[in-house]
Every structure is written in structure tokens, then in C-alpha cells.
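**Q** Before anything else, here's the structure in question.
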Amino acid sequence: MDDAQLLRYSRQIMLPEVDAEGQDRLLGASALIVGLGGLGSPAAMYLAAAGVGKLVVSDFDTVDLSNLQRQIAFDTADIGRGKAEACTGRLRRMNPDVRIEPVSERLSASALEEWAGAVDVVLDCSDNFATRFAVNAACVATRTPLVSGAAIRFEGQLAVFTPGDGVNPCYNCLYPQGGELDGSCARNGVVAALPGVIGSMQALEAIKLLLGLPTVRSDRLVVFDALRLEWHEVRLGRNPSCPTCGQR
């Protein structure tokens, strides 16, 4: 690191869990962020601020006025622009150390698997079950750690999955495919700050994974009740009959 980088990341380097070696590790790391909405906006911004060396930011949608209540990577001038392009500009202005690669098309299963295999961690910041299952399958196939988040109404959820160890569950172990309800914000609404809470926690867990900290747990789902400001933890177990990870 040069002097400017040492100053930029000084408050993080001060932490014994990080120090200069950990910061170098972050600068050499990469992450794929799928979805740049209410969750992906703060997640991408905090990963860029923390100095994660390469971020692949993926979203095929464009910025809409209704997004601005919670999607903090964008402002009014971005309305009509592609989210991946607009977010890339914001992140590059925040931290020129970080290489940003925008992906503006809808990713196929094969493309998801290719990208997942090319990065150190994947953050699922999408808002629909079809994408979540596809991202999970790609991470299981490539054995890439996955940080999954969700936020709707006044409830948030967070889980970390580390596929490939034959012990811990994957997303499909938790949620079976088929017959899912539409859980999007467009149909159900979401309070403004809630996605920021969950997206920031996704970035935090991703940073811990990239640093190799032993405190990351892959056996639980954390549920946040924003109305009552309460956290609940649900223990997770691997489903040996899971159609995604059961045979791996």
C-alpha cells in the first residue's frame, strides 16, 4: 500500500483482526454483487469503501423514481440510467483504488456460474426467489461463499452459506423451490432504512469472509424485526435430500 492507501484505510488497519496484512488481502480480493437495489446499494458502497479490490456489480434494470426511497447508490439525476452503469460511476468516485466491472444484462445460469467461479464471495442482493435459487446453484457448483439478504415491509433476513464442505446448508436447504409467493418490495412495500441495515450487514459478513475471520457462521438465519428492533436467530441444518447440494 502507498501512503494514500494507508491513510484511507487507517481506521480499519488499526483493528487487530485486520491490520496491514488483512487490508492487503482485501485489496487483492473480489466480490460479485447480484442486484443493486435497496440491499445491493449499501453493500456495494461499503465494500468499495473498505477497499475490496474488485467488485462485479450486476443489475439489468434501470433507475426509477420509486427506487430512490431506499436505493442510496442513486439520485434523481440517475433516473432512466442503467443501475449497473450508475452504480459503477458512484463507486469509482468513492474509491478509485477499486476496480468496478458492471454487468448490465440478465445473467443466465451459465453466466452466473462463470462469474461466481471468478470471485472470492458472492452477495445475493436480489428481490425474487428465481434469482436467489439461480445464484445459490452457481455458488454450490463453484463452492463460492454466498451472503444472502432479504428485506420486506419491516422484516429483514441474513444468512451466510459456505457450500462444498458437506456439512453446512445451502439456500435451497432453507427454502424449497416451487410455489413461492411474490415477496418483492413492489408488491409488499419496505420501510426506507431497513434494506440499508441488511445490505450493510451483508457487506460486513463478506468482509469477514474475505479476511478469513473464524466468527462467520454458516449454520443460522438471522431475522431482524425492525418494528420492535429485535433480532432472532434460527439454527439451520443441511438437507441431505436437497436438490442443489444434496449430492455434492
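**Q** Along each of its three principal axes, how wide is the spread of alpha-carbon positions in segment 71-189, in whole angstrom units, largest first?
**A** Here the Cα extents, ordered largest to smallest, are 44, 35, 23 Å.
**Q** Can you tell which of GLY189, GLY149, GLY22 shows the greatest fluctuation in a Gaussian network model of the chain with Cα springs below 10 Å?
**A** GLY189
**Q** What Kirkwood hydrodynamic radius do you get for the chain when you take the inverse of the mean 1/r over all pairs of distinct Cα atoms, in Å? Could you put the intermediate results ahead of the total?
**A** Values: mean 1/r = 0.0549 Å⁻¹.
Every distinct Cα pair counted, the radius reaches 18.2 Å.
**Q** Any chance you could run the full-extension gain for ALA118 through ARG11? It's 0.36 nm times the residue separation minus the Cα-Cα distance, nm to one decimal.
**A** 35.6 nm
**Q** Tell me the carbon and sulfur percent of the accessible area for segment 131-248, rounded to whole percent, probe radius 1.4 Å. Don't jump to the answer; show the numbers that get you there.
**A** Values: 3020 of 5640 Å².
Roughly 54 percent of what the probe reaches on segment 131-248 is carbon or sulfur.
**Q** Further, regarding this structure: Hey, can you find the accessible area per residue of segment 14-133 for me, probe 1.4 Å, expressed in square angstrom? Mind dumping the intermediate values first?
**A** Numbers: 5270 Å² over 120 residues.
Per-residue accessible area for segment 14-133 comes out at 44 Å².
**Q** Could you give P(r) for segment 123-233, binned at 5 Å from zero, as whole percent values over all Cα-Cα pairs?
**A** Histogramming segment 123-233 at 5 Å steps yields 2, 12, 22, 25, 22, 12, 5, 1 percent.
**Q** What does the accessible area of ARG238 come to, in Å² to the nearest 10, when a probe of 1.4 Å is used?
**A** 70
**Q** Given the chain, what percent of its DSSP beta bridges are antiparallel, to the nearest 5?
**A** 50
The values are calculated or read from the model by the stated rules, or taken from the named source; none is laboratory data. Computed from a predicted model, the values in this text were never measured in an experiment. Heavy atoms of the whole protein, side chains included, go into the accessibility calculation; ligands, DNA and RNA do not. Shrake-Rupley method; radii C 1.70, N 1.55, O 1.52, S 1.80 Å.
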